[in-house]
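What follows is a single structure, written as C-alpha cells, with notes after it.
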C-alpha cells in the first residue's frame with residue numbers, strides 16, 4: 001500500500017466529469033479517480049474548509065461515528081475492475097475493528113473529515129490509465145485534420 005493525499009479536484013475536459021487527484025507524498029505518482037459531482041463538491045468543501053450551516057452526508061457520517069465512539073483508522077483504494085474503483089473504510093472502537101466496502105469518493109470525503117490516512121494498493125496504480133491530455137489532444141487534432149468533408153456526413157465543417 002502506498003500512502004497518498006488529495007491533491008485537488010479537476011474536471012475531465014473530454015467528459016466534464018469531476019476527478020479527484022491523489023498524489024503520493026513525494027509527488028512521484030498520481031492517481032486520478034473519476035467521481036460524481038456531489039462527491040466532488042463534498043471533497044472540495046472539506047479541502048477548502050467551507051463552513052456549512054447544516055451537515056451534508058459525509059459530515060453526518062463523521063458525526064455518527066463520533067457519537068458511536070468509532071474512529072476511522074484509514075481508508076484504502078483496493079481495486080480497479082472494469083473501470084470501477086473500489087475502496088474500504090477501516091473503523092475501530094476499543095478492541096473491535098471493522099472494514100466497510102465503500103466507493104473511493106465517499107471514503108476519501110470521510111478520510112478528509114476525520115484526518116485519516118489514505119492508502120492505495122500498488123496494483124490499482126498499475127491498472128490505472130494515466131491520460132496525458134496534451135498527447136490525446138494532439139491525436140484528436142491529427143485525426144480531425146486527416147478527415148475529408150465527406151467523412152463528416154451531414155455535419156460539414
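The values are calculated or read from the model by the stated rules, or taken from the named source; none is laboratory data. Treat the numbers as computed from the prediction; the structure is a model and nothing was measured. Neighbour counts are summed over all protein chains in view; Cβ atoms, including those assigned to glycine, are modelled from backbone coordinates with ideal geometry.
Things to note:
- Candidates 99, 42, 105, 128: the one that is farther than 19 Å from residue 2 by Cα and either touching a residue at least 40 places away in the same chain (Cβ under 8 Å) or in contact with a strand residue (DSSP E or B) (Cβ under 9 Å, 6 or more places away or on another chain) (or both) is 42.
- Evaluation of residue 22 against (1) in contact (Cβ under 8 Å) with a residue 60 or more places away in the chain; (2) outside any strand (DSSP E or B) (one fails), failing number: (2)
- Search result, residues across region 50-67 that are under 26 Å from residue 2 (Cβ atoms) and either more than 15 Å from the chain's Cα centre (by Cα) or assigned to a loop (DSSP other than H, G, I, E, B) (or both): 61, 62, 65
Yes or no, residue by residue, for (1) in contact with a helix residue (DSSP H, G or I) (Cβ under 9 Å, 6 or more places away or on another chain); (2) modelled with pLDDT of 90 or more; (3) within 25 Å of residue 124 (Cβ to Cβ); (4) surrounded by 11 or more Cβ atoms within 10 Å (Cβ to Cβ):
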{"residue": "18", "(1), (2), (3), (4)": "yes, yes, yes, yes"}
{"residue": "25", "(1), (2), (3), (4)": "no, no, yes, no"}
{"residue": "42", "(1), (2), (3), (4)": "yes, yes, yes, yes"}
{"residue": "47", "(1), (2), (3), (4)": "yes, yes, yes, yes"}
{"residue": "57", "(1), (2), (3), (4)": "yes, yes, yes, yes"}
{"residue": "68", "(1), (2), (3), (4)": "no, yes, no, no"}
{"residue": "85", "(1), (2), (3), (4)": "yes, yes, yes, yes"}
{"residue": "91", "(1), (2), (3), (4)": "yes, yes, yes, yes"}
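- Boolean, residue 116 is touching a strand residue (DSSP E or B) at 6+ places or on another chain (Cβ under 6 Å) and assigned to a loop (DSSP other than H, G, I, E, B): yes
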